[in-house]
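The values are calculated or read from the model by the stated rules, or taken from the named source; none is laboratory data. None of these values were measured; they are calculated from a predicted model. All Cβ positions, even for glycine, are placed from backbone atoms using ideal geometry, and neighbour counts span all protein chains on display. Areas reflect the complete protein model, heavy atoms only, side chains present, ligands, DNA and RNA absent. Shrake-Rupley method; radii C 1.70, N 1.55, O 1.52, S 1.80 Å.
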Amino acid sequence: MKKFKTIVCLFLCLMFVVGLSGCVGKNEDEEQQYKTAKLSEKFLPSGIVAQRGSYSLQWDSERIALFMKKGNDIVWSSLPMEQYNNPQGGGVGMALESHLIVEYVNVNSKMLETEYSHYAANENGRVYSKAIKDGISITYCFDSCYIAITVDYRLCDGYLDISVNDEKVYEDGSQIYKISLMPYAVSAINNTSGSLLIPDGTGMIMNCNDNRGERTYSGKVYGTDDAVSSDYSFTQNEAVRLPVFGIINPAGNSSCCIIDEGEGSAEI
């Protein structure tokens, strides 16, 4: 009799566990609903948004573009002036006109995917802007992946401070892996007299006076983490010693960029 009771108890326990498993499976099958960012839809009109001495910061709300001027001369723009004056379409135009390129983990596929702000935010009318002290704050909404990112642009004494406002980053489900901030704001075209300052090792100069096609460089600031680095490398790049890069233009309007926060986790 005692043995029979034990078998009955085991049977009831097994049924209870199976019942719980069924409940868990049912919840997992239900599709999770995610929401896009709900924001105050503010649009700052085109015009000068900041002035410091002879420098000014100008905003073009239609093209989603920023210009830093010294007097009447443009010394920096958020997208290459060639693209601004003669827009290209397709993938090239999408990349050049994107202030942000976001790599994220897709909440549904769990795969690493990429979105460009021009396609995901600009063309969908989901770019919001407002005035802040000494500049402008712009929020880019990536609705397809339930992400929104706010970037603050502030004009300082002779330079522009650009930073991601991490307190206003919105994520629902999808998780941000990497943000490329102003990826083409310091770039040059071929067959020009300009050069690029590359922080490879102690630094090198990449000339732009030929037509070699697209040339790219990337390097993690201060090198890779020895705890996770590979024993094999297909390039001969040296570790980046300083978080500095720029463009040298003999005709003027040279630019130097310095990563002054979060450089230990940054990549140029």
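Rounded to the nearest 20 debye, the dipole magnitude of segment 53-196 is 200 debye, with +1 charges on Lys and Arg beta carbons, -1 on Asp and Glu beta carbons, and the Cα centre as origin. Approximating the spin labels as points 7 Å out from Cα along Cα→Cβ, the Val105-to-Asn85 distance works out to 4.6 nm. Calculated FRET efficiency, Asn190 and Lys168, Cβ-Cβ r, R0 30 Å, to nearest 0.05? Calculated value: 0.20.
Given a 1.4 Å probe and the protein chains as shown, Tyr177 ends up with an accessible area of around 140 Å².
In summary, the aspartates and glutamates within cross-link reach of Lys220, defined as a Cα separation below 17 angstrom excluding same-chain residues under 8 places away, comprise Glu103, Asp200, Asp231, Glu238, Asp260, Glu261, Glu263, Glu267.
Extending 7 Å from Cα along the Cβ direction at Glu123 and again at Arg215 yields two label points whose distance is 3.1 nm. Across His99, His118, the residue with the most accessible area heads the list, and the full order at a 1.4 Å probe is His118, His99. The residues packed around Arg126, meaning those with a beta-carbon under 10 Å from its beta-carbon, carry a net charge of -3 if Lys and Arg are +1 and Asp and Glu are -1.
Rounded to the nearest 20 debye, the dipole magnitude of segment 43-101 is 220 debye, with +1 charges on Lys and Arg beta carbons, -1 on Asp and Glu beta carbons, and the Cα centre as origin. Averaged over its residues, segment 58-179 has an accessible area of 47 Å² per residue, based on protein heavy atoms and a 1.4 Å probe. A probe of 1.4 angstrom, applied to the heavy atoms of all protein chains, finds Lys42 with accessible area near 100 square angstrom.
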